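This report refers to the structure that appears directly beneath it.
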Amino acid sequence: MVGKQWVLATDLDRETYLDAYALGDGTDHPASAAVAPQSVEEVQAIVRIANELKIPLWPVARGKNLGYGAAAPRMPGTMVLDLGRMNRILDVDPKYAHCLIEPGVGFFDLFNYLRDQKIPLWMSVPGNAWGSVVGNALERGIGYTPYGDNTAKICGLEVVLPTAELIRTGTGALTNTRSWQHYQYGFGPSWDQMFVQSNLGIVTKMGLWLMPEPAATMRARVSLPQPQDISWAIDELAQLRRQNVIDNNMVFGNYLHDAAVVSQREKWFQGEGAISDSASQAIMDSLGVGWWSFGISLYGHPDVVEARARLVRAALEPHLKQPLQFDSWRRGDPMEKSGMPVPSVLALQIVNWRGGRGGHIGFSPVMPPDGALALAQFRRMKARFEEYGHDYYTSFTLGQRHINNVNIIVYDRDNKAMTDSARILFKTLIADSAREGYGEYRTHVEFMDDVAQTFDFNHHMMMRLNETVKDALDPNGILAPGKNGIWPRDYRGSRS
């Protein structure tokens, strides 16, 4: 015990900060120790000591960034700064639809609070909701409502800088502010995005806009039988998305999205290498799904929702050759029919697909929302997965002006040949996508340097800018060395 409240990890506790889904035993990225403060003042005190003793810190909110390294630090031997005990919901404003929360608040925590207090606000919930609301927004995570771009809904941060100084962004820079969660900017430069996916500060409070409960929703589930159907579907739906007929993120998942949650590979295929096309077809026939499946959700006033549904039908039904079947909900109907996001960890079932101690890792390049490009990307990625003996688990998330091709490599952590091939496949995909002009939007700690090196315009000018800012704000290099490829001056030799 150090000080009055800090909790220091024992050797056994330190093992809980290893990557549970690592490519192997996870000991490539061990923490030297862990400390868990309970207040911003304690965070500041820890940062001061870290500067004095030159101890590198790796901040985590809840350490549930599964598939990306969880709580494991990029640089072995870094001390984990666990913010999970800072878990207060400081404010929820039902009228203006925003909240102010600490990093230890999880999706289940906020969901239960809104439900128990009967507050008619909806959250944006990712597929795996074990983690921190703050952490997810800072890693550019997404949900699937009109408020699903979680990073874009940040409104005001409190941040401990690497020097232990405290800053509030936006109008929070006014001591007596009354608009901190109302206006996303401030006066002069806006710094909030500087603390997203960065190692330039420790976020201790976040303002976040929430979605007012809609008056009505309409939802439909669509299944597409052939791989090439993604081409026309992306084009049609991207146009509807740009016009705000559909105003939420949508996910095109292939058949393994359904199969890996409810079954294991050995039920369908027991051979070597990637699953066969005949086994894939057997899965689709048995589960009643197509090569691709996706959901359409519409939110708003009943008249608006009905009008949007007509536009969606006009765009899609000529391709589907059948009418879309929408389920309708009106405020006052049972909530389970509304499509309100409910936190779940069911998606984590996919790690059991290959058996053994399962793990997964995601490769997710960002692309233009173009059907022909998506089809070419699908064919290219499928061939690479099969080349390295992995089942092709993929999806395309449709945003406002982009698609994000999320490719999941699922493996048995105890099968060295499988994890070795997964590692080589991942590095190959990074190189392939960079050649096509597609960059990844976030990545596992093991591949942060590899991905950062692909952003190479003008002799890696972005990296040089990041390093310049890092050295100015963190002269002792104590905060998250190597995070997203950004190393402080004294550690740049650690870059792989």
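The values are calculated or read from the model by the stated rules, or taken from the named source; none is laboratory data. Predicted model only: the values in this text are computed from it and were never measured. In this analysis, Cβ positions are derived from the backbone assuming ideal geometry, glycine residues included, and neighbour counts consider all displayed protein chains.
Just to verify a result, which residue in region 120-135, among those that are more than 13 Å from W209 (Cβ to Cβ) and outside any loop (DSSP other than H, G, I, E, B), is nearest to the chain's Cα centre (by Cα)?
The initial filter retains those residues of region 120-135 that are more than 13 Å from W209 (Cβ to Cβ), namely 120, 125-132, 134-135.
Those still in the list that are outside any loop (DSSP other than H, G, I, E, B) too: 132, 134-135.
On the way: S132: 11, V134: 11, G135: 9 Å.
Looking at residues that are more than 13 Å from W209 (Cβ to Cβ) and outside any loop (DSSP other than H, G, I, E, B), I get G135.
Yes or no, residue by residue, for (1) touching an Asp or Glu at 6+ places or on another chain (Cβ under 6 Å); (2) without any contact (Cβ under 8 Å) to a residue 24 or more places away in the chain; (3) of a type in the set (V, I, T); (4) more than 25 Å from E139 (Cα to Cα):
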position	(1), (2), (3), (4)
G358	no, no, no, no
S395	no, no, no, no
Q400	no, no, no, no
R435	no, yes, no, no
V451	yes, no, yes, no
T454	no, no, yes, no
M461	no, yes, no, no
T468	no, yes, yes, no
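Where in region 381-488 are there helices (runs of 4 or more DSSP H), lying wholly inside it, with at least 3 residues that are touching a Lys or Arg at 6+ places or on another chain (Cβ under 6 Å) and among the polar types (S, T, N, Q)?
Working: elements: 416-436, 448-454, 457-473.
Passing ranges: none, list empty.
Name, by its number, the condition in (1) at pLDDT 95 or above; (2) in the same structural domain as Y183 (by TED's automatic domain parsing); (3) crowded, with 17+ Cβ neighbours inside 10 Å that does not hold for N51.
Among (1) at pLDDT 95 or above; (2) in the same structural domain as Y183 (by TED's automatic domain parsing); (3) crowded, with 17+ Cβ neighbours inside 10 Å, N51 violates only (2).
Tell me, yes or no, whether region 412-423 has at least one residue that is on the phi < 0 side of the Ramachandran plot and touching a helix residue (DSSP H, G or I) at 6+ places or on another chain (Cβ under 6 Å).
Within region 412-423 (the criterion being on the phi < 0 side of the Ramachandran plot and touching a helix residue (DSSP H, G or I) at 6+ places or on another chain (Cβ under 6 Å)), the answer is yes, since at least one residue qualifies.
Which condition number in (1) surrounded by 17 or more Cβ atoms within 10 Å (Cβ to Cβ); (2) modelled with pLDDT of 95 or more; (3) out of contact with any Pro (no Cβ under 6 Å at 6 or more places or on another chain) is the one that N249 fails?
Unmet for N249, out of (1) surrounded by 17 or more Cβ atoms within 10 Å (Cβ to Cβ); (2) modelled with pLDDT of 95 or more; (3) out of contact with any Pro (no Cβ under 6 Å at 6 or more places or on another chain): (2).
If I go through region 317-356 residue by residue, how many of them are free of Cβ contacts under 8 Å to residues at least 24 places away in the same chain, in a loop (DSSP other than H, G, I, E, B) and farther than 30 Å from L114 by Cβ? Don't jump to the end; show me each part of the working.
First pass over region 317-356, keeping only residues free of Cβ contacts under 8 Å to residues at least 24 places away in the same chain: 317-318, 321-323, 332-337.
This time we only want the ones that are in a loop (DSSP other than H, G, I, E, B), so: 321-323, 332, 334.
If we keep only those that are farther than 30 Å from L114 by Cβ too, we end up with 321-323.
Residues in region 317-356 being free of Cβ contacts under 8 Å to residues at least 24 places away in the same chain, in a loop (DSSP other than H, G, I, E, B) and farther than 30 Å from L114 by Cβ: 3 in total.
What strands (runs of 3 or more DSSP E) lie completely within region 76-119 and have 1 or more residues being more than 30 Å from Y491 (Cα to Cα)?
Strands (runs of 3 or more DSSP E) meeting the threshold: 89-93, 98-101.
Which residue pairs have Cβ atoms closer than 7 Å, lie 6 or more positions apart in sequence or on different chains, and pair a first residue in region 283-312 that is without any contact (Cβ under 8 Å) to a residue 60 or more places away in the chain with a second residue that is outside any loop (DSSP other than H, G, I, E, B) and not acidic (D, E)?
I283/A259; L287/A259
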